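J.: One structure, pasted below without further comment.
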Amino acid sequence: MKTVKDILEQKGSEIISVETEDTLAQAMLKLTHNKIGAVLVFDKEQSQIKGILSERDIIRHFAGRLNIDTTVSVSQVMTKGVTYVKPHQSLDACLQLMTTGRFRHLPVVDEEKTVGIISIGDVVKAKLTDQEMKIGELEYFISNSY
């Protein structure tokens, strides 16, 4: 069974982040430049996750406003209650969390240290690859057992 650790080994563990007092403009530049949908928000010491800021958070913040102020701090817009996973957790557990919580990104924390972030796209890709491999093995078994 594939785990979160398998995804991080495949994609790497780079974490794109911002600080709580960074502006939305700074965060949006990071999202755009890195072609990602969310950034982790850390305190000044980069030691503790304070939140996560997604494209969805930004859209919700600006929805219905006439004044688009990108100098607002990230801490005013971010999601504060961050759900995270451990490297040993299964991909099925991640999908369950993401579906139930209605979010697409999960930080990965190991021994109180943030070691990566995974997206629903990462999880689906890994699950599909795993299923394709299993189907190939079954086809081989069936075609060679007669």
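The values are calculated or read from the model by the stated rules, or taken from the named source; none is laboratory data. Please read these numbers as outputs of a predicted model, since none were measured by experiment. Ideal geometry is used to build each Cβ from the backbone, glycine not excepted, and the neighbour counts take in all protein chains shown.
J.: List every residue pair whose Cβ atoms lie under 6 Å apart, where the two residues are 6 or more positions apart in sequence or sit on different chains, the first residue falls within segment 39-60 and is modelled with pLDDT of 95 or more and outside any strand (DSSP E or B), and the second residue, located anywhere, is polar (S, T, N, Q) and surrounded by fewer than 19 Cβ atoms within 10 Å (Cβ to Cβ).
T.: Cβ pairs passing all conditions: D57/T79.
J.: Something else about it: So S75 clears everything in (1) outside any loop (DSSP other than H, G, I, E, B); (2) of a type outside the set (A, V, I, L, M, F, W, C); (3) out of contact with any Gly (no Cβ under 8 Å at 6 or more places or on another chain) except one condition, right? Which one?
T.: The single condition S75 does not satisfy is (3).
J.: So, in segment 10-29, of the ones that are outside any loop (DSSP other than H, G, I, E, B) and more than 15 Å from the chain's Cα centre (by Cα), which residue ends up surrounded by the most Cβ atoms within 10 Å (Cβ to Cβ)?
T.: Ranking the qualifying residues of segment 10-29, first place goes to A27.
J.: Just checking, how many residues over segment 29-78 are more than 22 Å from V108 (Cα to Cα), among the hydrophobic types (A, V, I, L, M, F, W, C) and touching a strand residue (DSSP E or B) at 6+ places or on another chain (Cβ under 9 Å)?
T.: The number of residues fulfilling the criteria is 1.
J.: Is at least one residue of segment 63-71 modelled with pLDDT under 95, surrounded by 13 or more Cβ atoms within 10 Å (Cβ to Cβ) and out of contact with any Cys (no Cβ under 6 Å at 6 or more places or on another chain)? Lay out the reasoning, then the answer.
T.: So the first thing to find is which residues in segment 63-71 are modelled with pLDDT under 95, and the list is 63-71.
Restricting the remaining residues to those that are surrounded by 13 or more Cβ atoms within 10 Å (Cβ to Cβ) gives 70.
Next cut, out of contact with any Cys (no Cβ under 6 Å at 6 or more places or on another chain) only: 70.
Yes - at least one qualifying residue is present in segment 63-71.
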